[in-house]
Amino acid sequence: MAVTEVFVTSARHQMAVVRAHPLFLVLGILQPLALLLVMFFARNRPIGAQATAIATAVLLMSYWGATVWQGAGILRRERSNGTLGASMRGVRSPVLVLAGKSLGATLLPALLTAATVATTLALLRTPVTIAAPGWYLLGLVSAILSGTAMGLLLCSLFLLTRFGPQLASALLYPVFLLAGLLIPPDFLPPAVRWLGWFVSLRWAQQFLVSAAGGAPDLGSLGLVGILTCGYIIGGVAAFRRIDHLVRSRGNLELG
Amino acid sequence: MTSPAVEVESLSRWFRAGKQRVEALSRVSFQIEPGSIVALLGANGAGKTTMAKILATLLLPSAGSARIFGHDVVREAAACRRLASVVFGGERGLYPQLSGRDNLRFFGMLAGVNRREGRHRVPILLEQVGLSGAADRRVETYSKGMKQRLHIAIGFLPRPQLLLLDEPTVGLDPLEAERLRGAIDQARQEGVSVLLTSHYLLDVERLADRVLLLDRGSIREDLHLTDFIRRAGYAAVVTVRGSGCMPRLDDPPPGISLANEPTGSGSGWEVTLRVQEWSPDVFAQLATLFATSQVTDVQVREVRLEEAFAQAASQHSGSRG
């Protein structure tokens, strides 16, 4: 069976799981709508480049919310359903299956978020300008892949600690701030500003805004790629640690 | 030469509980020949599930080795997973928010069934386990028995050469349980080997060729089913009912013993005897015993597996004490 078939089947499976719970409507419609309205009216109905920057930030914030609430909880939910064992003893690579699920967990809210943002902007009669749409699209795809890798890392880390749900809540807004999605990163205290370097969304945001302005910042795109690779390496290592703990100590509950 | 379906050698598994070491399995050795059904019996905590998890490559052994068709469960886990299917059953282990069909497709993919084969096999298996009508309903709406049937369909989907079945008939009604026994027997005839752990001794009695008795992590008995049943110490139980005076049974003949104290009231009595081995003499001896009594009813049944199991369990707990 081809690698892509395993990946796509896992992603479609997770999309079906996500679709079965109304949380994806909150993440894909209510959250971006609220964020967009607040930011637009707080800045007195911006237009042009400023509107594009805000729409981009809302897309990324909503996507990060979906990553934390859907992607990062995959393995904990698998453990709670008693299906984790089957995923880990399958003939297919458990990491590949998990990566597919991680993409599936966030793809539906991401598509819904994009539709919500586009519809809201149309209703507000607020035009956005994207000077390099091809680069902008590439940036969005990179952000989604980076979020998938982040989901892979977080869901493995959250299974290794009993404080997964608390960590998920604690990570949400700090990442918004560190990535510069709510306020410019320069506004952060120097003591924590450097942490933003490790958040790929920060560089994705910079690249998307630059692409929208017509001068794509390829350095930022490169950093998104490097950080994504780092998340993948970390995620695979954490997942292997889980596999080792389960098989050697028998101390994680399995089906 | 064909490798055994399962080959376990001096296998041990221990867990840490605080500062204590708890031994779940201790130097267990056995083999399962291809195409045979072996039942693993034992009380709760005997180590049956630990054994099943090691063979399913979900747990590493602490010492010793286990091989499936010659493949080591530690070093060649992927090869073992291709050959063996495991059915732990129960209410969990499924995606409750998805339909039975979607569950079957996904678990099939995990087990290596490609999309084309899945499209062909999934409807057949749903039909075989009687879930065709509910295939597109969410699993959270299924009864316990329906979930169990779905687990079994998942186990059969990849056409395994070895089936590890843990309590396969739990939650099934008698008709469904019988249908499942038929399916397992059919799989055996097609060459599939089965390791069956069950508290339902009827499953074992109907299906198993051999019985392994696990007690506190060690194999205490490894016998063919008929030999194991013989461990009860008798071949049959005879229940005699009558009226009038209670027969005198102070000194029964050799080969016949009282199963329990005779019961009776003014109007009738009941005596239960154990017959060690059938022979023409036994009938004559029984006739002599009740020659002066008014017998109204006689019932004879073969010894049951549960009686052999109880006898073996009490013998081993006695030897420990």
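The values are calculated or read from the model by the stated rules, or taken from the named source; none is laboratory data. Since we're looking at a predicted model, the values are computed, not measured. Neighbour counts run over all protein chains shown; Cβ positions are idealised from the backbone, glycine included.
Residues considered: A:Leu152, A:Leu172, A:Leu98. Of these, the only one that is more than 14 Å from chain B (Cβ to nearest Cβ), buried (at least 23 other Cβ atoms within 10 Å of the Cβ), out of contact with any strand residue (DSSP E or B) (no Cβ under 9 Å at 6 or more places or on another chain) and touching a residue at least 40 places away in the same chain (Cβ under 8 Å) is A:Leu152.
Taken together, the residues in the stretch B:7-60 that are assigned to a strand (DSSP E or B) and among the charged types (D, E, K, R) amount to 7. When A:Leu167 is tested against (1) farther than 22 Å from A:Arg19 by Cβ; (2) part of a helix (DSSP H, G or I); (3) modelled with pLDDT of 85 or more, exactly one condition is not met: (3).
Take the residues of the stretch B:268-295 that are touching a Ser or Thr at 6+ places or on another chain (Cβ under 6 Å) and touching a residue at least 40 places away in the same chain (Cβ under 8 Å): which is farthest from B:Gln311 (Cα to Cα)? Filtering the stretch B:268-295 for residues that are touching a Ser or Thr at 6+ places or on another chain (Cβ under 6 Å) and touching a residue at least 40 places away in the same chain (Cβ under 8 Å), the one farthest from B:Gln311 (Cα to Cα) comes out as B:Gln294. The set of residues from the stretch B:89-113 being touching a Gly at 6+ places or on another chain (Cβ under 6 Å), within 7 Å of chain A (Cβ to nearest Cβ) and not charged (D, E, K, R) comprises B:Gly93, B:Leu110. Please tell me if B:Arg81 is facing chain A (nearest Cβ under 8 Å), without any contact (Cβ under 8 Å) to a residue 40 or more places away in the chain, buried (at least 20 other Cβ atoms within 10 Å of the Cβ) and within 27 Å of the chain's Cα centre (by Cα). The answer is yes for B:Arg81. Report yes if A:Ser93 is of a type outside the set (A, V, I, L, M), without any contact (Cβ under 8 Å) to a residue 60 or more places away in the chain and over 21 Å from A:Ile130 (Cβ atoms), otherwise no. So A:Ser93 fails the test. Pairs linking a residue in the stretch B:253-264 that is more than 18 Å from B:Arg241 (Cβ to Cβ) to a residue that is surrounded by 14 or more Cβ atoms within 10 Å (Cβ to Cβ), with Cβ atoms under 6 Å and 6 or more positions apart or on different chains, are B:Pro253/B:Gln285; B:Gly255/B:Gln276; B:Ser257/B:Arg274. Just to be sure I understand, how many residues within the stretch B:163-177 are closer than 24 Å to B:Gly45 by Cα and touching a helix residue (DSSP H, G or I) at 6+ places or on another chain (Cβ under 8 Å)? So the answer is 9.
Please go through the stretch B:37-77 and pick out each residue that is within 12 Å of chain A (Cβ to nearest Cβ), in contact (Cβ under 8 Å) with a residue 60 or more places away in the chain and either touching a Pro at 6+ places or on another chain (Cβ under 8 Å) or of a type outside the set (Val, Ile, Thr) (or both). Across the stretch B:37-77, the qualifying residues are B:Ala52, B:Leu55, B:Ala56. With respect to A:Arg162, is the statement that it is within 20 Å of the chain's Cα centre (by Cα) and at pLDDT below 95 true? For A:Arg162, the condition - within 20 Å of the chain's Cα centre (by Cα) and at pLDDT below 95 - is not met. In summary, A:Val246 fulfils each of the numbered conditions (1) away from chain B (no Cβ under 14 Å); (2) crowded, with 18+ Cβ neighbours inside 10 Å; (3) over 22 Å from the mean Cα position of the chain (by Cα) with the single exception of condition (1). Inside the stretch B:89-112, residues that are buried (at least 22 other Cβ atoms within 10 Å of the Cβ), part of a loop (DSSP other than H, G, I, E, B) and free of Cβ contacts under 8 Å to residues at least 40 places away in the same chain make up a count of 0.
If you check B:Arg181 against the conditions, is it closer than 30 Å to B:Gly45 by Cβ and either basic (Lys, Arg) or in a helix (DSSP H, G or I) (or both)? For B:Arg181, the condition - closer than 30 Å to B:Gly45 by Cβ and either basic (Lys, Arg) or in a helix (DSSP H, G or I) (or both) - is met.
Reported count of residues in the stretch B:114-147, each being more than 27 Å from the chain's Cα centre (by Cα), within 14 Å of another protein chain (Cβ to nearest Cβ) and of a type in the set (Lys, Arg), is 5. Scanning the stretch B:14-36 for residues that are away from chain A (no Cβ under 14 Å) and without any contact (Cβ under 8 Å) to a residue 60 or more places away in the chain yields B:Lys19, B:Gln20, B:Gln31.
Looking across the stretch B:174-218, the residues that are β-branched (Val, Ile, Thr) and over 14 Å from B:Val6 (Cβ atoms) come down to B:Ile184, B:Val204, B:Val211.
Of all the listed residues (A:Gly82, A:Gly48), the sole one being on the phi > 0 side of the Ramachandran plot, in contact (Cβ under 8 Å) with a residue 12 or more places away in the chain and more than 13 Å from chain B (Cβ to nearest Cβ) is A:Gly48. Highlighted here are the strands (runs of 3 or more DSSP E) found entirely within the stretch B:195-289 that include at least 3 residues which are among the hydrophobic types (A, V, I, L, M, F, W, C) and out of contact with any His (no Cβ under 7 Å at 6 or more places or on another chain): B:210-215, B:236-243, B:269-275.
In this structure, A:Ser93 qualifies as among the polar types (S, T, N, Q), within 13 Å of chain B (Cβ to nearest Cβ) and over 20 Å from A:Ile29 (Cα atoms). With respect to the stated conditions, B:Gly155 is closer than 24 Å to B:Leu41 by Cα and in contact with a Leu (Cβ under 7 Å, 6 or more places away or on another chain).
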